[in-house]
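Visitor: What follows is a single structure, and I will ask about it in a moment.
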Amino acid sequence: MNLTVKTISQTTAPKLTYDVLIENQQDGTVKAILLGLPDCQGLGNTETEAIEQLSHSLQTRLKTAKIVTLEIESLQTEHPWMKFAGMHKDNPLFAEVLEYIEAERSQIDLENETK
């Protein structure tokens with residue numbers, strides 16, 4: 001299995017986007033939770049305050065951490081149906097079976113046209 005980790009140069013500042021869950025609390029406050037990182041939250045009196053608190057919390061956390069992209073090559077395996085491909089090519093009745101299938105399909109097509 002091949003594994004590749006891509007890191008971003010420290011000199012670039014990519015714009016990152018996150019999905020945030022906004023929840024109204026029973027006490028009237030608003031909680032913003034970063035999806036995927038439930039311990040990264042912001043709390044405020046308004047949605048805007050909660051998002052600002054969440055943003056500050058995430059920026060503080062990213063000062064001592066980093067985000068990397070992990071790419072994993074999947075193992076190449078044979079398609080499960082490949083072992084059956086061509087298994088009847090030498091069967092003398094194969095042509096007869098194909099003719100039967102074609103006749104059945106033609107009959108079904110005719111029946112569908114008359115409906």
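Derivation of every value follows stated rules applied to the coordinates shown; laboratory data play no part. In this text the structure is predicted, and so the values were computed from the model without any measurement. Neighbour counts run over all protein chains shown; Cβ positions are idealised from the backbone, glycine included.
Visitor: Residues of region 92-115 being outside any loop (DSSP other than H, G, I, E, B) and among the basic types (Lys, Arg), which ones?
Guide: Across region 92-115, the qualifying residue is only Arg105.
Visitor: Then there is this: Looking at region 67-95, which of its residues are more than 30 Å from Leu37 (Cβ to Cβ) and among the acidic types (Asp, Glu)?
Guide: Glu78, Asp90
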